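These notes are about the structure you will find just below.
The values are calculated or read from the model by the stated rules, or taken from the named source; none is laboratory data. Because the structure is a prediction, the values reported are computed rather than measured. Reconstructed Cβ throughout: ideal geometry from the backbone, glycine too, with neighbour counts over all protein chains shown.
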Number of protein chains: 2
Amino acid sequence: MAQILKGAPVAAALDVETEKRAAALREKGVVPTLAILRAGEREDEIAYERGAVKRCAKVGVEARCVTLPADVPAEEFYRTLEDLNRDPQVHGILMLCPLPAHLDQEKARKMMAPAKDVDGCTDLALSGVFTGSALGFPPCTASSALEILRYYGVDPKGKRAVVIGRSLVIGRPVALMLLQANATVTICHTKTVDIPSITRQADILISASGAMESIGAEHLREGQTVIDVGISWNEEKQKLCGDVRFEEAEPIVAGITPVPGGVGSVTTAVLAGHVVQAAERTLA
Amino acid sequence: MAQILKGAPVAAALDVETEKRAAALREKGVVPTLAILRAGEREDEIAYERGAVKRCAKVGVEARCVTLPADVPAEEFYRTLEDLNRDPQVHGILMLCPLPAHLDQEKARKMMAPAKDVDGCTDLALSGVFTGSALGFPPCTASSALEILRYYGVDPKGKRAVVIGRSLVIGRPVALMLLQANATVTICHTKTVDIPSITRQADILISASGAMESIGAEHLREGQTVIDVGISWNEEKQKLCGDVRFEEAEPIVAGITPVPGGVGSVTTAVLAGHVVQAAERTLA
């Protein structure tokens, strides 16, 4: 029987800290503010925005929703982003992605002010993850995985960590963050031969492939901590499922995050924390 | 009996390519130019500078040595660097490190124009290594390891690669470059428990710890390709030695780079190639 590593208490603990620091900023006349830039009406983006707004309200971070129509002229979109870059009252910018097809997501990504990049999408923020310096902020999902480990007392130091997936949003940054935390890190991906033999060596397994229920007993052994970053809609079961076959994994491993209710429950708490940190840096 | 993966033929093959491209640039009136910035008279820096100048001459790259006294006033050093950043006739800058103690190496590193950063020390160049995009250039030593693999027909795709060391100059960039080349990559370091059990699983082993002769039979198995990035002076043997105990490794593995004459023989060829690429980009 594994310990179920729920996200909610991790988020709650982060919120306590963030709220304290947000209050301190307000006392100095600074209202930590997140701008959420959305173009169009994608359901998943709206749902994430709603979660972020709620979290911000809870911890004393101002959320400013900047919503543009799906067919917003490209120049207007970029100008809006640049206005947010320049606005001294905005400390963090969350650009909901994917952008509508006529907008150049890569261009927008490069355009964002690194100091306001609270979800780690600019080159400089990612460079900070790579070099282990605080140039910007890591992607919130990657930070969330680390926060879950920290909250549940799993120190990566000297442990074998295996990451499945090498995306810039989660796989690569979480691997580098685990390395920074002194784990011995292996990155697996679609070209990896015999993934199960590698994952069985892991003390900490981070699955971020997005391949629904692709990880099961053959990948696992007792004593492992499993962080399941995947979240997919299972048409057959009519419910959200992760990368890991939870029912199969849970009796084997020492600890596992549920889906939903695991990593995904922590990201907006990390986001709000990044906004407060970004605001604090403007005072430094 | 392992194949000895000498650097000289790798460098020679790179030189042929670089010379051709440099000649094409000169026909367009562009003289690809490397500025080598050195403060002080460290022997190792002078030796590397000499090698770089010689390589540049061979392939038609102009080398401009900018040498300042070890006690150069800090402001003068930074101004010199900025002049090189601005000079349209300089396409690449090599800043020899370590700088004298009164200079802020981190500040100088951040100051360099990323487009001219032909040895991958700026944040944006490193971000490019992390994200797999050509924002700048990877550190030459990391590129050299990959060039050796390429020259000797060792395709990292699907292979287990183990990197020992996590420095920004070699360990981390070479790991990300191997990942980009579709290897399954593990990074070991001083906090790793039981390194031999991990390195024995490697198909490709890159040792970049700088721990002289620390890798031997217990780390190795047949069929491996070993790239030894270490280079240290062995006082007892009165010769240069790598991280690997060569005599012990050579009968076991399939291929191994010698020290000296391995990775170190390729770096200036990579450097000259980067200068030509940087010059080509100014025309794009």
query = In the range A:171-195, what residues are at the interface with chain B (Cβ under 7 Å from one of its Cβ atoms), within 16 Å of A:Ser144 (Cα to Cα) and outside any helix (DSSP H, G or I)?
reply = none
inquiry  = Of everything in the range B:126-135, what is of a type in the set (A, V, I, L, M), surrounded by fewer than 24 Cβ atoms within 10 Å (Cβ to Cβ) and at the interface with another protein chain (Cβ under 10 Å from one of its Cβ atoms)? Give them in sequence order.
reply    = B:Leu135
ask   = Is the range B:142-150 home to any residue that is surrounded by fewer than 22 Cβ atoms within 10 Å (Cβ to Cβ), among the polar types (S, T, N, Q) and outside the structural domain of B:Leu34 (by TED's automatic domain parsing)?
value = no
remark   = Selection from the range B:91-116 of residues more than 12 Å from chain A (Cβ to nearest Cβ) and among the acidic types (Asp, Glu) yields B:Asp104
Residue satisfying condition, being crowded, with 24+ Cβ neighbours inside 10 Å, of a type in the set (S, T, N, Q) and more than 14 Å from the chain's Cα centre (by Cα), within set A:Thr257, A:Thr192, A:Thr282, A:Thr268 = A:Thr257
ask   = Would you call A:Leu168 modelled with pLDDT under 95, within 11 Å of another protein chain (Cβ to nearest Cβ) and within 21 Å of A:Ala125 (Cα to Cα)?
value = yes
task = Could you tell me whether A:Val162 is under 21 Å from A:Val266 (Cβ atoms), buried (at least 23 other Cβ atoms within 10 Å of the Cβ) and within 11 Å of chain B (Cβ to nearest Cβ)?
result = yes
task = Select from the range A:196-210 the residues that are touching a residue at least 24 places away in the same chain (Cβ under 8 Å) and farther than 21 Å from A:Gly262 by Cα and write down the one among them that is farthest from the other protein chains (Cβ to nearest Cβ).
result = A:Gln201
query = Take the residues of the range A:66-105 that are of a type in the set (Gly, Ala, Ser) and either outside any loop (DSSP other than H, G, I, E, B) or touching a Phe, Trp or Tyr at 6+ places or on another chain (Cβ under 9 Å) (or both): which is farthest from A:Lys116 (Cα to Cα)?
reply = A:Ala74
query = Taking the condition closer than 26 Å to A:Gln89 by Cα, out of contact with any strand residue (DSSP E or B) (no Cβ under 7 Å at 6 or more places or on another chain), among the small types (Gly, Ala, Ser) and in a loop (DSSP other than H, G, I, E, B), does A:Ser167 pass?
reply = no
remark   = In the set A:Glu218, A:Glu213, A:Glu222, A:Glu236, the lone residue that is over 24 Å from B:Ser127 (Cβ atoms), more than 14 Å from every other protein chain (Cβ to nearest Cβ), part of a helix (DSSP H, G or I) and not β-branched (Val, Ile, Thr) is A:Glu218
task = Would you be able to say whether some residue in the range B:260-267 is in contact (Cβ under 8 Å) with a residue 60 or more places away in the chain, in the same structural domain as B:Ile170 (by TED's automatic domain parsing), part of a strand (DSSP E or B) and closer than 22 Å to B:Ser144 by Cβ?
result = no
task = Being in contact with a helix residue (DSSP H, G or I) (Cβ under 6 Å, 6 or more places away or on another chain), surrounded by fewer than 18 Cβ atoms within 10 Å (Cβ to Cβ), touching a residue at least 60 places away in the same chain (Cβ under 8 Å) and among the hydrophobic types (A, V, I, L, M, F, W, C) narrows it down to one of B:Ala8, B:Ala22, so name that one.
result = B:Ala8
query = Can you name the residue in the range A:136-155 that is in a loop (DSSP other than H, G, I, E, B) and under 17 Å from the mean Cα position of the chain (by Cα) and is also farthest from the other protein chains (Cβ to nearest Cβ) among such residues?
reply = A:Phe137
